[in-house]
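Visitor: Would you mind keeping the following structure in view while I ask a few things?
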Amino acid sequence: MSNIRAETIALFEPSIIGRGLRDAVVKLNPASLIANPVIFVTEVVAILTTLLGLRDALMGTGTAWFALSIGAWLWLTVLFATFAEAVAEGRGRARAESMRAARTDTLAHRLADPRDRDHFDNVAAPDLRAGDCVIVCAGELVPSDGEVIEGVASVNESAITGESAPVIREAGGDRSAVTGGTQLVSDWLVIRITASPGSTFLDRMIKLVEGAERRKTPNEIALDILLAGMTIIFLIAVVTLVGLADYSGTRLSVPVLAALLVTLIPTTIGGLLSAIGIAGMDRLVRFNVVATSGRAVEAAGDVDTLLLDKTGTITFGNRMAGSFIPATGVAEQTLAEACVLASVGDDTPEGRSILGFARDRYGIVPTPPAGASLVAFSANTRLSGLDHQGRAWRKGAVDSILSFVGTPAPAGVTEATERVARSGGTPLAVSVDGAVLGVIELKDVVKPGIRARFAELRRMGIRTVMVTGDNRVTAAAIATEAGVDDFIAEATPQDKLDYIRRVQAEGRLVAMAGDGTNDAPALAQADVGVAMQTGTQAAREAGNMVDLDSDPTKLIEVVEIGKQLLITRGALTTFSIANDVSKYFAILPAIFVATYPGLAALNVMRLASPQSAILSAVIFNALIIVALVPLALRGVRFSPMGAAALLRRNLLIYGLGGLVAPFIGIKLIDLLLNALGLFQG
Amino acid sequence: MTIAGWLQIALVLGVVAAAAIPLGSYSARLMQGGRTWLHPLLGPVERACYRLAGIDPTAPMGWRGYLGALLIFNAAHFLLLYAMLRLQGLLPLNPQAVAAMSPRLAFNTAISFVTNTNWQAYSGESGVSYFTQMLGLTVHNFLSAASGIAAAFAVARAFAAGGVTSLGNFWADMVRATLYILLPLTVMLTIILIAAGVPQTLAAYPVATTLQGAHQVIALGPIAFQEAIKLLGTNGGGFLNANSAHPFEDPSALITMIECVALTLIPFSLPFAFGEVVGDRRQGRALFLVMFILVIAAVAACYAAEAAANPLLTGIDPTGGNMEGKETRFGIALSSLFAVLTTGTSCGAVNAMHDSFMPLGGMVVLFMIQLGEVLPGGVGSGLYGILVFALLAVFVAGLMVGRTPEYLGKKVQAREVKLAMLAVLILPLTILGGTAISLVTASGLGSLANAGPHGLTEMLYGWSSAAGNNGSAFAGLSADTGLLDWGLAGAMLLGRFATLVPIMALAGSLAQKPKLAGGAGTFPTHGPLFVGLLIGVILILGGLQFLPALSLGPLAEQFAMLSGTSY
């Protein structure tokens, strides 16, 4: 099911384009188009212009072809806008189709009594109600979302996450949630259903990616109002111009007024606004994160404080060897060799990290002598090692080693042990033949590159906060190493909640990731809460996004996707408004040059004739929508930098670019129209 | 253009900028309830005012309460002034026995003074008595200006804190703005004007015998005091019909320079006060710079246009520039400067005939009004006006930093955008709508003295001046006609109050929002980038609305003039 990932859906896949064209025509219905005031006005004007053009054509008036070509391009303007939206929806729909395949109508084994696994009746999965209990066995599909109340099983969740490695699901704890449509690979589970029919996680996800339940986000609503306001302003400017022109001795025809109005109102952003929003959600889905609302995606862009769990996000999940500290009088190389031999038999991640560290730092390749017997690590002895020809190498917890060798710690070992413990590490002792040679320091290893990542976030104005159960000393050491701005040590769920509230009271917006039930209050309190798909149902309900890969690191990318969405919206709005300046220089001289020949001086583009000037402006205005569809769908390129630098760059590209580009575009179209000989005679 | 001319302009603008900073911080301290060095003197007066009127100056007012008080106060004063204008024939202090104004003209005049417009469809010498001048018009010059200052501070407070409902106390703001800001400055300027020879008398008009032996009635009156508040309060209504072109209002080049300072001082100080109120001086400085840079650009454009002679006039020395309609004691530089400042503020006092400016020079002053009277705008109205533009600029471009837009820690959302757009819509609706209707009706056309694009400019200027609450006249327009008296009064009302209502609602909405902390990720609104952006937004928004109309007026006239046609 990894085909739900967007990499496989080309920007303009033929099937999507075909369906998009059909949908684009359906969307011309004024009743639905009225939700988009700018494009609705364009359509009304297009209808008017076309009708007048047809009337002129029937009555044989000379200018009919002009009115009809203006009308045709106005229709194309509307069509391009609806097409952009249709294509964006099509891409989401393609993903939804593949998800829908996972939603099969299996038979569920409903238990009359959850404690009695042997008596059940078979019901169709859609008939299950919240509160019903079912038993699912190996090879069967989980019929609906629910909570494991008994049993342990491995579950293949690739239908949801695209990840084929099975995960463990068990009753109690943070791994008790199962999702409808996933498949048990082994064992059995008793599940209490938590979702009502039609509102399972999969159902909601399909609706979300399809955009079926798409509601305008707060920022979209605000932008719509601005665009509607600008449309009204230009309506005023164009309608009153009739009176002003009349006084000046110019009669303005409807096609000319229509052209002026439509090129001035912000059709570019009006036409692309909803496509940008849908595509933003889509980018998130492609990233295997599902947001429960567009509002959450916007909020992600606003976040300026990230709460990140230490383990798994900032550090690797396991502690690793960080240094070998020899006892007084022991050579470091000797200790390293002893460490390797003592760890050959230790298959835990810690043991492997010791071998890796020795290889990288001391160039020692583990070569256990022939005939040696390995002593594996066990939780009872807390030791591992190797015996060979009467000699014994051992490595383990310091007190275990000391009782194993039966002598007090030699000089330097006690100090080293204390120092390691103080700095937040775990000390292990190493002995050979009854003598303690030194100490291995196991510590949290900060993921490579994470420090640079945090520095990047800081430049973007985002503070990072590390959350850990470690004590303050340990936490402070790791915090310094990772370069986070703040940390919460010995964090309890209540601590997290309090911290979020305090930071919010300072006027900041907080994002966090979490999976446990006790994370739920904090997830709900945070402005953006990303719940892990492997987490509990409570956590998934509390968050406003679910990460299907259960990778808390992705919080950072979620924020970037939110920012990219907003930047794309702002860039195209700025571009759209900046475009207007050139249109005045194309159309105003064209319509008034007959009355005031001096106004030809405003025709800075030297457009060939008034009619070709007006038509060129209208054509440019329509084509720019199509030209920007890929940008709207893909999003403006985002690179992490401070707001000031970002603004400068985008203002230059989309503000200044928006001022200049149409001058060139309109001129080119005018040259082309005249080269085609459309305006002779 | 001459070096001397530029030096005069630089001197005036330099003094304004230097004086605006301390006045801004003084006003901020005062309006936030702090003590100033005038408190020992005026404190008892202030407290007496509160006691007399039964006001608790610390009582908080939400935006509805604040706006309600402001509207009721202004409505009451409108009625009082209207009554005074209708009854002035029966009232004392009327040595010239001026009769009552017609209801239509009285309505227009009363509206004009309540809205801080001071559009004068009447003639000061013959139309109003001393009593009306002093107790009606002068008093309103104070009150309308103080209303503007009060509203500006109410709006500023909305940005200062998070999660509050109160915008301050309207009555306390009115008393403080009048008593501590307007009154002391007016008294100072009055003394300067009297020293320069501006009359301040209640005597009847003397009759002089001219050298040719003719008899001439010389209009006098308590001019100096009203002249001072006319400028300081950006009211602009002259005691005399010729306004500051009359030597009794503005006797010399030095005085006209002082008048230029006076009419821009308070508007330019308010952005600095805003910076203090919101606790970040850089924010105020950025707004000031936007205003200041655009004013300098406009002065340069206007001066350049006027310094060139009319190419249609032959046989004169072209280096003299366009002196038509200008006073020789001021010259071209100071006339251009005064014209730009009086239109950039919503003052509307004039020391030269804007109608006689070159087409492009006239377009500059007209465009200054159409840009929304925010450069630096009227006292108070300029500040709250430019804040609306700042919100819109932040809303459009702010998204490009990847956050939903916020200004000074306040999120700009649907409600704010709606209210800001409502406020912005009024100007094009009134100006373009009024002009278009006037130009296609016989009644409107009858008011025009000139034909062609010049006539269109005259009409456009009239409606712009009224809607922008400027009050200056392009002349050439007979304004005391049915359509224009009522229509322009409506435009003045809309321009003042139909923008103020949404702006106060906007302030109320912003005040309640939490104040978000800024950082490296938030849109910086204090640097040169924002200054440039806001300038661009003001120019593009204004240009997009009015370029079609301007191209049929001054632009068409300019190009026609270059090809040898005049209107």
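Any read-out appearing in this document is the output of simple, stated calculations on the displayed coordinates, not a laboratory observation. Everything quoted here is computed from the prediction, not taken from an experiment. Backbone-built Cβ (ideal geometry, glycine too); neighbour counts: all protein chains shown.
Visitor: Show me B:269-280, B:230-241 ranked by packing, highest mean number of other Cβ atoms within 10 Å first.
Guide: B:230-241, B:269-280
Visitor: Please average, across the residues of B:532-545, the number of beta carbons from any other chain that are within 10 Å of each residue's own beta carbon, and give a whole number.
Guide: Mean number of neighbouring Cβ atoms from other chains: 3.
Visitor: Restricted to Cα positions, what overall size does segment A:295-417 have along the principal axes? Three whole-Å values, descending.
Guide: Between the extreme Cα coordinates on each principal axis of segment A:295-417 lie 69, 33, 31 Å.
Visitor: Would any residue of segment B:214-234 have its amide N under 18 Å from a label point 7 Å out along Cα→Cβ of B:LEU202? List them or say none.
Guide: Zone members listed by number: B:220-227.
Visitor: Still on this model: Take the cross-link list A:LYS310/A:LYS496; A:LYS207/A:LYS310; A:LYS310/A:LYS554 and give me the ones stretching past 24 Å between alpha-carbons.
Guide: Those over the limit are A:LYS207/A:LYS310.
Visitor: How many Lys pairs in segment B:3-562 lie less than 29 angstrom apart by Cα atoms, where the lysines are 8 or more positions apart or on different chains?
Guide: Pairs that pass both the separation and distance tests number 8.
Visitor: Just report the Cα centroid separation between segment A:128-146 and segment A:219-233, whole Å.
Guide: So the separation of the two Cα centres works out to 48 Å.
Visitor: Per DSSP helix of 4 or more residues, -39500 (n - 2.57); summed, then divided by the residues of chain A. What does that give at 222 nm, rounded to the nearest 500?
Guide: Estimated from H runs of four or more residues: -16500 deg cm²/dmol.
Visitor: Regarding segment A:347-505, what is the average projected area of its C-alpha convex hull, in nm²?
Guide: Average of the hull's projected areas for segment A:347-505 equals 12.2 nm².
Visitor: While we're here: Show which lysines lie in cross-link reach of A:LYS667 when reach means a straight Cα distance below 17 angstrom and same-chain residues fewer than eight apart are skipped.
Guide: A:LYS583
Visitor: I've got another one for you. Based on the mean of other Cβ atoms within 10 Å per residue, sort peptides A:615-622, A:366-373, B:318-325 so the most packed one is first.
Guide: Top of the packing list down: A:615-622, B:318-325, A:366-373.
Visitor: Please give, to one decimal in nm, the separation of the simple spin-label points placed at B:ALA449 and A:ALA376, each 7 Å out from Cα toward the Cβ.
Guide: With each label placed 7 Å out from Cα toward Cβ, I get 10.8 nm.
Visitor: A further question follows. Over the alpha-carbon set of segment B:231-341, divide Rg by the Kirkwood Rh and report the Rg/Rh ratio to two decimals.
Guide: 1.08
Visitor: Which value, in Å³ per residue, describes the convex hull spanned by the Cα atoms of chain A?
Guide: Expressed per residue, the convex hull around the Cα atoms of chain A is 211 Å³.
Visitor: Provide, in order from the shortest bin, the percent of all Cα-Cα pairs of segment B:3-562 in each 20 Å bin, continuing until the bin that contains the maximum pair distance.
Guide: 23, 58, 19, 1
Visitor: If you build the Cα gyration tensor of segment A:559-681 and take the root of 5 times each eigenvalue, what three semi-axes come out, in whole angstrom, biggest first?
Guide: Over the Cα atoms of segment A:559-681, the ellipsoid semi-axes are 34, 15, 9 Å.
Visitor: Could you state the number of Å between the C-alpha centres of segment A:432-489 and segment B:36-72?
Guide: Computed from Cα coordinates, the inter-centre distance equals 58 Å.
Visitor: Across peptide B:519-531, what mean number of C-beta atoms from other chains lies inside 10 Å of a residue's C-beta?
Guide: 5
Visitor: Quick one: Kirkwood hydrodynamic radius for segment A:187-341, alpha-carbon pairs, angstrom, one decimal?
Guide: One over the average 1/r among Cα pairs gives 22.8 Å for segment A:187-341.
Visitor: B:ILE540 versus A:ARG55, label points 7 Å from Cα toward the beta carbon: distance in nm?
Guide: Placing both labels 7 Å along Cα→Cβ, they lie 3.7 nm apart.
Visitor: What 222 nm value per residue comes from the helices of chain B, counting each DSSP H run with n ≥ 4 as -39,500 (n - 2.57) and dividing by all residues, nearest 500 deg cm²/dmol?
Guide: It comes out at -19500 deg cm²/dmol, rounded to the nearest 500.
Visitor: Which FRET efficiency value, to the nearest 0.05, is calculated for A:VAL123 and A:ARG215 with the Förster distance at 41 angstrom and r the Cβ-Cβ distance?
Guide: 0.75
Visitor: Considering only chain A, what is the antiparallel percent among its DSSP beta bridges, to the nearest 5?
Guide: If I count the DSSP bridges inside chain A, around 75 percent turn out antiparallel.
Visitor: Multiply the residue gap between A:THR480 and A:VAL660 by 0.36 nm, knock off their C-alpha separation, and tell me the result in nm, one decimal place.
Guide: Length gained, A:THR480 through A:VAL660: 60.0 nm.
Visitor: Take the Cα pairs of segment A:532-584, get the Kirkwood Rh, then feed it into Stokes-Einstein at 37 °C and 0.692 mPa s and tell me D in µm²/s.
Guide: The diffusion coefficient I find is 238 µm²/s.
Visitor: Return the average number of partner chain Cβ atoms within 10 angstrom of each residue Cβ along peptide B:429-439.
Guide: 4
Visitor: Taking only Cα atoms, what is the 0 to 90° angle, nearest 10, from helix A:332-343's long axis to the longest principal axis of chain A?
Guide: 90
Visitor: Largest first and in whole Å, give the semi-axes of the protein assembly as shown's equivalent ellipsoid, each being the square root of 5 times a Cα gyration tensor eigenvalue.
Guide: 72, 38, 27
Visitor: Which order do the peptides A:259-266, B:67-74 take when ranked by the mean count of other beta-carbon atoms within 10 Å per residue, highest first?
Guide: In descending order of packing, they fall as A:259-266, B:67-74.
Visitor: Evaluate 2.2 N^0.38 Å with N set to the residue count of segment B:64-147, then give the Cα radius of gyration divided by it.
Guide: 1.07
Visitor: Between A:ARG501 and A:LEU672, what is 0.36 nm times their sequence separation minus the Cα-Cα distance? Round to one decimal in nm.
Guide: 55.4 nm
Visitor: Hey, how many Å between the Cα centroid of segment A:296-354 and the Cα centroid of segment B:201-245?
Guide: Segment A:296-354 and segment B:201-245 have Cα centres spaced 90 Å from each other.
Visitor: Where does segment A:106-180 land on Rg(C-alpha)/(2.2 N^0.38 Å)?
Guide: Expressed relative to 2.2 N^0.38 Å, the Cα Rg reads 1.07.
Visitor: Let me ask another. Given charges of +1 on the Cβ of Lys and Arg and -1 on the Cβ of Asp and Glu, with all other atoms neutral, how large is the dipole of segment B:3-562 about its Cα centre, in debye to the nearest 20?
Guide: Roughly 1900 debye for segment B:3-562.
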